[in-house]
Amino acid sequence: MQQVIQLHKEYDKLQLKYGDPTLSSIYGAGCINDPEIMFIFMNPTGRNISSTCSWRGLRAPWIGTKQVWDIYRDIGLLQSDIYLKIKTLKSEEWDYEFANDVYTDIENHSVFITNLAKCTQIDARPLNNSVFKEYLDLMYKEIDIVNPKKIVTFGNQVSSILLDRSISVSDYVDDQKEILNGYEIYPTYYPVGQGRRNMSLAVDRIRKILNT
């Protein structure tokens, strides 16, 4: 798996400013060489076990969690054996090798997964728009370095901040999109946590996006 390591120091500075002081930044990971698709979530939480300071392996989104990986299984972007192991393991049972295995598979599927804000919070408390906007220039740099063919932004807040105008993901159906700096942006329902009820809507839309 690969990461945009040249931006990590800047992300770490913002972690000290906006994140929980006992946790570390979580960086994007996957294919950084013109992937078919990039997924942009909101911000990481302490449920991600790679955010602990004692973790010495890959720090990447959703390590040690279960729910979000349903999307990648359902849209055919995760091997079934890896998915089944994810669903079997307890959070603390993830090790460095398995985290690498998951993101190697994500890379092999030409996918890059990241968060708009990399500042890890102890829980899923909402972040103010002002915090997300502090990451915006770095997010644009990350997009340019990775150069994805398509970008899925999850939720109204992330989508609106990235596009620099207020939008509602419910207005986007099938393969409707926006264009930002030459990139195709597909605002999509947030599918995890309180947005779990929207999982099927997100999966259906992403399938249509991938088939475009």
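The values are calculated or read from the model by the stated rules, or taken from the named source; none is laboratory data. Being a predicted model, the structure only gives us computed values, none of them experimental. Please note: Cβ atoms are built from the backbone with ideal geometry, for glycine as well, and neighbour counts cover all protein chains shown.
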Task: Verdict on LYS118 being basic (Lys, Arg), in a helix (DSSP H, G or I) and under 24 Å from GLU36 (Cα atoms) - done: no
- [ ] Answer yes if at least one residue in the stretch 149-161 is crowded, with 16+ Cβ neighbours inside 10 Å, of a type in the set (Lys, Arg), over 18 Å from PRO126 (Cβ atoms) and under 16 Å from the mean Cα position of the chain (by Cα), and no otherwise.
- [x] yes
TODO: Name every residue in the stretch 138-192 that is in contact (Cβ under 8 Å) with a residue 40 or more places away in the chain and in a loop (DSSP other than H, G, I, E, B), in order of residue number.
DONE: ASN147, PRO148, LYS149, GLY155, ASN181, TYR190, PRO191, VAL192
Open item on the list: Would you confirm, using the coordinates I've provided, whether ALA117 is surrounded by 14 or more Cβ atoms within 10 Å (Cβ to Cβ), touching a Gly at 6+ places or on another chain (Cβ under 6 Å) and under 17 Å from SER50 (Cα atoms)?
Closed with: no
Open item on the list: Of everything in the stretch 73-130, what is under 24 Å from VAL4 (Cα atoms), touching a strand residue (DSSP E or B) at 6+ places or on another chain (Cβ under 8 Å) and among the small types (Gly, Ala, Ser)? Give them in sequence order.
Closed with: SER110
Task: Residue that is nearest to LEU77 (Cα to Cα) [pool: residues in the stretch 26-53 that are assigned to a strand (DSSP E or B) and not hydrophobic (A, V, I, L, M, F, W, C)] - done: GLY30
Open item on the list: With the requirement that a residue be of a type outside the set (Asp, Glu), in contact (Cβ under 8 Å) with a residue 24 or more places away in the chain and assigned to a loop (DSSP other than H, G, I, E, B), what does the stretch 77-112 give you?
Closed with: LEU77, LEU78, GLN79, TRP94, HIS109, SER110
TODO: Mind listing just one residue for me: the one in the stretch 181-212 that is in contact with a helix residue (DSSP H, G or I) (Cβ under 6 Å, 6 or more places away or on another chain) and among the aromatic types (Phe, Trp, Tyr) and, of those, surrounded by the fewest Cβ atoms within 10 Å (Cβ to Cβ)?
DONE: TYR189
- [ ] For residues that are part of a loop (DSSP other than H, G, I, E, B), touching a Phe, Trp or Tyr at 6+ places or on another chain (Cβ under 9 Å), at pLDDT 95 or above and not hydroxyl-bearing (Ser, Thr, Tyr), tally how many sit in the stretch 1-25.
- [x] 2
- [ ] Look through the stretch 58-76, keep the residues that are among the aromatic types (Phe, Trp, Tyr) and not in a loop (DSSP other than H, G, I, E, B), and return whichever of them is farthest from VAL111 (Cα to Cα).
- [x] TRP69
Open item on the list: Restricting to the stretch 85-130, name every residue that is β-branched (Val, Ile, Thr) and under 26 Å from LYS9 (Cβ atoms).
Closed with: VAL102, THR104, ILE106, VAL111, ILE113, THR114, THR120, ILE122
Task: Cross-chain or 6+ apart pairs with Cβ under 8 Å, the stretch 11-30 first and within 13 Å of THR52 (Cβ to Cβ), then surrounded by fewer than 20 Cβ atoms within 10 Å (Cβ to Cβ) and of a type in the set (A, V, I, L, M, F, W, C) - done: ASP20/ILE122; THR22/CYS53; THR22/ILE122; LEU23/CYS53; LEU23/ILE122; SER24/CYS53; SER24/TRP55; SER25/LEU14
